[in-house]
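Student: Here it is, the structure, as C-alpha cells.
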Ligand code: SAH
C-alpha cells in the first residue's frame, strides 16, 4: 500500500476528484500531515469518517524506525530502519544560519567513487519518496526542531533516483507541506549529464552541486568510475547550458586528496577549466575512511589551493568539517551498518 508521506499535493487532489470529493481535501490532509503532524488518519478531525475510512483503505500512514542516534558537537547522525529491513543514514548539522539535514536517496550506491565509504555497498534499491520525506519528519520530531536547509548528499546518487527526488521536492516545497524553500534545497550529483539536462527544465530554484573533484579526465578517471561515462568536458558543457537556461549559480565540490588532486598545478588547471562560468568551488577536506589509499590534504595545501583559485578569480570556500568523530561526515555514511562502524 502507498505510504501517504510519498504522495504529492497534486496526486492527492486527483485522488479526491476521482472519488468524487472536493480537491481542497488534499490541502486539509497536507495540513494534518505536515503542519499538525498527526500520526494516524483518525486524528484528521475536519475530514468525514467516510473519507477517513476510504483513505485508510488506499494509503498507509507510518514512519521510519530510528535504530540508532549518535550525538556529536553540532551534529546528530541517525540510522533508520526501512520497512524491508534495509538501513539508511541521515545527518543533522546545526549551523549558525539554521539546521541543515543531509539525507540519503538510495540504499547503497552504484557510482563507484573510489574515495567514498557509502558506495561500498552496491545499490540495493532506490528510496521511495516517502522514505526521503520521512527522514526530515523524523529528525524534526525527534529533536523538536525545524530543518531550514536540506542537502541530498547522504548515501546514494539523487539523479539515479530522479523521479522520486522530484516528488520529494514537490512535497516538501509545497506551501501546505513542510514549506522548505527551494533555494534552501541542494542536490548533489556525481555528474549524470542527461539528468542534469532534464533538471534544467524543472521550474523550481533548487541548488545544484556537482562532485567534480578533479581538474582533468586523467585524475577524475582514477577516482570516479562515472567519469568514463560522462567525462569532464561533457559536464562542463551541460553546466554551461544549465546556467544559461536557469541563471543559477552552480557549485563544484572538490575533495582535497593528498598527492592526488591538490597541487598548485591542479588548482591552476581547475581555474582554467572554470574560467568565466558562474560557479563557486567548495573545497572539501577529505574525511579519511577505511579506503587507506586516500589521505587528506594538509592544511597548507588546502590554503595554497584556495589562494590559487582566488587569485584566478574563482569563487571558492572551504567546507567546514563536520561530524567526523561520529563518522557522520561526507563519504562516511553507510548502509551496511552491521559490518562495523
Ligand atoms: N552521489 C552524490 C551525493 C552523495 S556524496 C554525489 O556524488 O555528489 C556527497 C559529497 O560528499 C560528494 O561530493 C562526495 O564526493 C563527497 N564525499 C564522498 N566521500 C567523501 C569523503 N570521504 N570525504 C569528503 N567528502 C566525500
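Student: Between residue 20 and residue 293, take the C-beta separation as r, use R0 = 51 Å, and let me know the FRET efficiency to the nearest 0.05.
Tutor: For residue 20 and residue 293, the calculated efficiency is 0.25.
Student: Now for a separate question. Sketch the reach of a paramagnetic label on residue 300 as a point 7 Å from Cα along Cα-to-Cβ, and name the residues of the stretch 253-292 whose backbone nitrogen lies under 19 Å away.
Tutor: Under cut-off, by backbone N: 256-268, 285-286.
Student: What are the semi-axes of the equivalent ellipsoid for the stretch 44-175, taken as the square roots of 5 times the Cα gyration tensor eigenvalues, largest first, in whole Å?
Tutor: 27, 19, 14
Student: Just to verify a number: FRET efficiency for residue 97 and residue 58, C-beta to C-beta distance, R0 = 25 Å, to 0.05?
Tutor: Working from the Cβ atoms, E equals 0.05.
Student: Sort 24, 199, 41 by Cβ crowding within 10 Å, fewest neighbours at the top.
Tutor: 24, 41, 199
Student: Further, regarding this structure: What whole-number distance in Å separates the alpha-carbon centres of the stretch 216-291 and the stretch 1-21?
Tutor: Between the Cα centres of the stretch 216-291 and the stretch 1-21 lies a distance of 41 Å.
Student: Still on this structure, please answer the following. How big is the C-alpha Rg of the chain next to the rule-of-thumb value 2.2 N^0.38 Å, as a ratio?
Tutor: 1.04
Student: Largest first, please: the extent of the C-alpha atoms of the stretch 68-118 along each principal axis, to the nearest Å.
Tutor: 34, 28, 16
Student: Between residue 27 and residue 122, what is 0.36 nm times their sequence separation minus the Cα-Cα distance? Round to one decimal in nm.
Tutor: 30.3 nm
Student: Please report the orientation-averaged projected area of the stretch 111-255, defined via the convex hull of its C-alpha atoms, in nm².
Tutor: Computed as one quarter of the Cα hull surface, the answer is 8.9 nm².
Student: Based on the Cβ-Cβ distance of residue 237 and residue 11, what FRET efficiency does E = 1/(1 + (r/R0)^6) give at R0 = 35 Å, to the nearest 0.05?
Tutor: Calculated value: 0.50.
Student: Two decimals is fine: what's Rg over Rh for the stretch 151-198, C-alpha atoms, Kirkwood radius as Rh?
Tutor: 0.98
Student: Let me ask you something else. I want to check the label-to-label distance for residue 35 and residue 66. Put each point 7 Å from Cα in the C-beta direction and report it in nm to one decimal.
Tutor: 2.6 nm
Student: GNM on the chain, C-alpha springs below 10 Å: top fluctuator among 114, 213, 149?
Tutor: Greatest mean-square fluctuation among the candidates belongs to 114.
Student: Considering the stretch 1-102, what Rg and Dmax in Å follow from its alpha-carbon atoms?
Tutor: Cα-based Rg and Dmax for the stretch 1-102 come out at 16.9, 52 Å.
Student: What's the extension gain from residue 81 to residue 48 if we count 0.36 nm per residue and subtract their Cα-Cα distance?
Tutor: 8.6 nm
Student: Within 10 Å of each residue's Cβ, count the other Cβ atoms and sort 220, 319 from fewest upward.
Tutor: 319, 220
Each reported figure results from applying straightforward, stated rules to the coordinates on display, with no laboratory input. These numbers were taken from a predicted model, which means no experiment stands behind them. Don't worry about glycine lacking a Cβ; one is built from the backbone with ideal geometry, like all the others, and counts go over all protein chains shown.
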